[in-house]
1. Among what's in region 167-195 and is aliphatic (A, V, I, L, M) and touching a residue at least 24 places away in the same chain (Cβ under 8 Å), pick the residue that is surrounded by the fewest Cβ atoms within 10 Å (Cβ to Cβ).
2. In this structure, does Met120 turn out to be hydrophobic (A, V, I, L, M, F, W, C), modelled with pLDDT under 65 and either part of a helix (DSSP H, G or I) or in contact with a Phe, Trp or Tyr (Cβ under 9 Å, 6 or more places away or on another chain) (or both)?
3. With respect to Ile396, determine if the residue is of a type in the set (A, V, I, L, M, F, W, C) and modelled with pLDDT of 95 or more.
4. In region 64-112, which residues are of a type in the set (Asp, Glu), closer than 19 Å to Arg183 by Cα and not in a strand (DSSP E or B)?
5. Name the pairs whose Cβ atoms lie under 6 Å apart, with the first residue in region 247-267 and farther than 20 Å from Ile418 by Cα, the second polar (S, T, N, Q) and assigned to a helix (DSSP H, G or I), and 6 or more positions between them or separate chains?
6. Taking region 328-353, which residues are closer than 20 Å to Thr74 by Cβ and of a type outside the set (Lys, Arg)?
7. May I ask you to list the residues in region 35-53 that are in contact with a strand residue (DSSP E or B) (Cβ under 8 Å, 6 or more places away or on another chain) and over 9 Å from Gly81 (Cα atoms)?
8. Do you know which of the residues in region 407-439 that are β-branched (Val, Ile, Thr) and in a loop (DSSP other than H, G, I, E, B) is modelled with the lowest pLDDT?
Amino acid sequence: MKKYLEISEKGFGARMGGGYTGGDPLAGVSVMTIEEWYVKVGDTIPGTENPDTGYKTGGRILYVTSDKGAVELTALSDEVGAVLSEILIPAGKEVEIDFRNGPIRLAVLEVAGEEPAIDMSPEKAEVSKAPETVRVSSFAEAMMREQVRHALATPYARKLAKGLGIDIQELKGSGAGGKVMERDIRAEELRRANAALPKPEPAPSAIPAREILIIKPSFRRRATALYLSEAAKAPLAGDSIEVAMLPLEDLRNDMREEFERLHETVLRFDHFVGAACRWLLQRREFRILNAYWRESEKDIAVYPYVNLGFAVGIPPRETKNVEIPQSELAVMPVKNAEQMGFAAFAREANRLMEAVRTGTAAPADYIGTTFTVNNVGSRVEWKGKRYPGGENPFSILVPKTAAIVSFGSIREPDSARIATLAIRFDHRVCDGLEPITFLRALEDLLEHPVQILAL
């Protein structure tokens with residue numbers, strides 16, 4: 001039978017897979033642009049199935065942009081394994097985000113079954129190919145109205161070009177009707193960068209010429225780059241203190257074996273830091289740190305819940321198709337952490353960390369962080385030798401958050417077991433009093449860690 005591959009107002013978050021971590025480049029925009037289909041007519045919708053639960057996680061199907069950013073959309077569980085029979089909105093088209101008349105229909109799928117899910121008769125084909133909620137740009141009409149300068153590029157391409165100082169009129173677009181796409185702007189940026197490089201001296205004939213290696217970044221890497229760009233716009237401030245870690249080490253060592261036996265999960269330093277933070281963020285004097293600055297409205301939004309995100313490093317994967325392997329980073333939020341006891345909190349944090357490292361995390365697992373904890377002190381390994389992790393934590397904010405707490409590796413100056421504890425915060429949301437007081441309160445809990453178990 002046939003069914004629509006569509007987006008509903010409640011379905012945007014479910015389709016934001018591929019390591020998307022917080023924020024929403026489609027929130028508050030009226031038009032998105034279909035940049036690229038990853039599947040073509042006749043292809044099977046990709047995905048993976050969990051052998052234990054039978055749940056299917058959809059693969060990447062579509063790349064879209066808006067004037068706020070870019071995002072890859074993934075297939076839903078019930079779409080995995082279906083065959084793409086028709087694309088209703090091709091690459092290069094603009095789509096109006098308007099759900100008043102129903103969901104936005106992107107394509108038609110052929111799935112196993114006998115009863116038809118939709119009417120695909122000729123008289124209905126007109127509606128299927130151009131639903132009322134989708135408005136496709138007409139470049140011919142734009143030219144007739146002498147508005148070609150505005151219609152020659154997608155909104156995101158125009159924004160990107162403006163930031164890079166590129167004149168769109170000088171480019172030949174690769175999209176439908178000659179429209180300038182994001183890839184055209186990136187290609188021009190690369191061409192200019194290469195043109196600015198000094199010309200290398202001619203190499204001896206015995207040595208073959210070497211070219212600069214161009215790496216196509218992963219979706220997580222592109223997301224990290226976008227977050228860095230956004231963080232650069234915010235006035236960040238912060239401070240750090242030294243914390244005595246011996247009491248926490250002793251408590252963890254004393255309870256680890258029995259805790260892991262009873263609760264069937266690993267006990268980490270991160271759990272104590274995260275549990276202490278989620279309790280402090282419920283206190284009236286610190287709630288402002290569980291918030292974010294809304295630039296368009298020029299106000300502060302305070303969350304009524306604590307979704308405490310853990311920054312998780314993903315080791316580089318050695319594959320034949322990757323010449324230079326790169327590690328990646330994802331932030332996995334423990335949802336409604338303020339409602340959990342310590343053991344439940346630790347178990348859910350471990351589940352999320354394992355899921356993202358094994359590639360089994362659901363799209364919804366990546367979204368919703370309100371406050372972040374980052375452990376930069378984890379040990380690293382090179383050529384069979386292990387080394388201490390970072391000692392001086394420095395972190396960037398996750399979109400739609402106001403603060404992040406980081407801690408480094410434990411070291412022993414003058415026979416003391418200490419670690420650096422740091423906080424970075426958005427100065428638009430608060431001044432230094434709340435973050436520094438929060439840091440001192442967190443220090444007190446970590447140096448008397450038995451209290452954390454009762455919070």
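1. Within region 167-195, the first condition is being aliphatic (A, V, I, L, M), and the residues that meet it are 168, 171, 176, 180-181, 185, 187, 190, 193, 195.
Add one more test, that the residue is touching a residue at least 24 places away in the same chain (Cβ under 8 Å), and what stays is 176, 180-181, 185, 190.
Working: Ala176: 15, Val180: 24, Met181: 23, Ile185: 25, Leu190: 12.
Ranking the candidates gives Leu190 first.
2. Values: hydrophobic (A, V, I, L, M, F, W, C): yes; modelled with pLDDT under 65: yes; either part of a helix (DSSP H, G or I) or in contact with a Phe, Trp or Tyr (Cβ under 9 Å, 6 or more places away or on another chain) (or both): no.
Criteria not met by Met120.
3. Spelling it out, it is not the case that Ile396 is of a type in the set (A, V, I, L, M, F, W, C) and modelled with pLDDT of 95 or more.
4. Filtering region 64-112 down to residues of a type in the set (Asp, Glu) leaves 67, 72, 78-79, 86, 94, 96, 98, 110.
Remaining after also requiring closer than 19 Å to Arg183 by Cα: 67, 72, 94.
Residue satisfying the conditions is Asp67 alone.
5. Once the first residue is farther than 20 Å from Ile418 by Cα and sits in region 247-267, its partners that are polar (S, T, N, Q) and assigned to a helix (DSSP H, G or I) give Thr265/Asn350; Val266/Asn350.
6. Passing the criteria: Glu328, Leu329, Ala330, Val331, Met332, Pro333, Leu352.
7. Taking region 35-53 and keeping what is in contact with a strand residue (DSSP E or B) (Cβ under 8 Å, 6 or more places away or on another chain), we get 35-50.
Of everything in region 35-53, those that are in contact with a strand residue (DSSP E or B) (Cβ under 8 Å, 6 or more places away or on another chain) and over 9 Å from Gly81 (Cα atoms) turn out to be Glu35, Glu36, Trp37, Tyr38, Val39, Lys40, Val41, Gly42, Asp43, Thr48, Glu49, Asn50.
8. Going through region 407-439, the residues β-branched (Val, Ile, Thr) turn out to be 410, 418, 420, 423, 429, 436-437.
Now drop any that are not in a loop (DSSP other than H, G, I, E, B), which leaves 410, 429.
Numbers: Ile410: 88, Val429: 96.
Only one residue fits best here, namely Ile410.
The values are calculated or read from the model by the stated rules, or taken from the named source; none is laboratory data. Keep in mind it's a predicted model, so treat the numbers as computed, not measured. For neighbour counting, all protein chains shown are included, and Cβ atoms are generated from backbone atoms with ideal geometry for every residue, glycine included.
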